[in-house]
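The values are calculated or read from the model by the stated rules, or taken from the named source; none is laboratory data. Remember, it's a predicted structure, so these values are computed and weren't measured experimentally. Methodologically, a virtual Cβ is constructed for each residue, glycine included, from the backbone with ideal geometry; neighbour enumeration extends over all protein chains shown. Areas reflect the complete protein model, heavy atoms only, side chains present, ligands, DNA and RNA absent. Shrake-Rupley method; radii C 1.70, N 1.55, O 1.52, S 1.80 Å.
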Amino acid sequence: MDNNTAPGTSRSSWQTWPVGQRMVVRTKLPTGSSHLYTDLLGTVVKTDDTGVILQTANGQVTVRGSEIALAKPIPPPPATRRRRPPPEQ
């Protein structure tokens, strides 16, 4: 899905993302960067007319709506598994 506004509506898709939803968001990088895009993985904290705030593993990131190229919801992270004790010898 992308951030384009659907015909006949005034809301962009990021404005419909529910707070608490885990998302992967592909954002455009500035001209002259070594890559065209980068991906962010995080939980939606806030959406408004200008963009979205994601809580990532490295802290909160504000992404302007004009920088969003693609995005999709993803499931919650897997549960952490207990480590097995080393075998006794």
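Compare the peptides 43-54, 62-73 by average per-residue count of other Cβ atoms within 10 angstrom and give them in order, highest first. Don't jump to the answer; show the numbers that get you there.
Numbers: 43-54: 17.0, 62-73: 15.3.
Going by the mean number of other Cβ atoms within 10 Å, highest first, we get 43-54, 62-73.
Got a number for carbon plus sulfur as a percent of the chain's accessible area, 1.4 Å probe?
Answer for the chain: carbon and sulfur cover 53 percent of the accessible area.
Sticking with the crude label model, points 7 Å out along Cα→Cβ, report the distance from R81 to R64 in nm, one decimal please.
It works out to 4.4 nm between the two label points.
Which whole-Hz ³J(HN,Hα) couplings does the range 19-33 yield from phi under the Karplus relation 6.51 cos²θ - 1.76 cosθ + 1.60, θ = phi - 60°, glycine and proline marked x?
Once rounded to whole Hz, the list reads 4, x, 6, 7, 9, 10, 10, 8, 10, 6, 9, x, 4, x, 6.
Which whole number of Å³ per residue matches the convex hull of the alpha-carbon atoms in the chain? Write down the numbers at each step before the final one.
On the way: hull volume 12.5 nm³, N = 89.
Looking at the chain, the number lands at 141 Å³ per residue.
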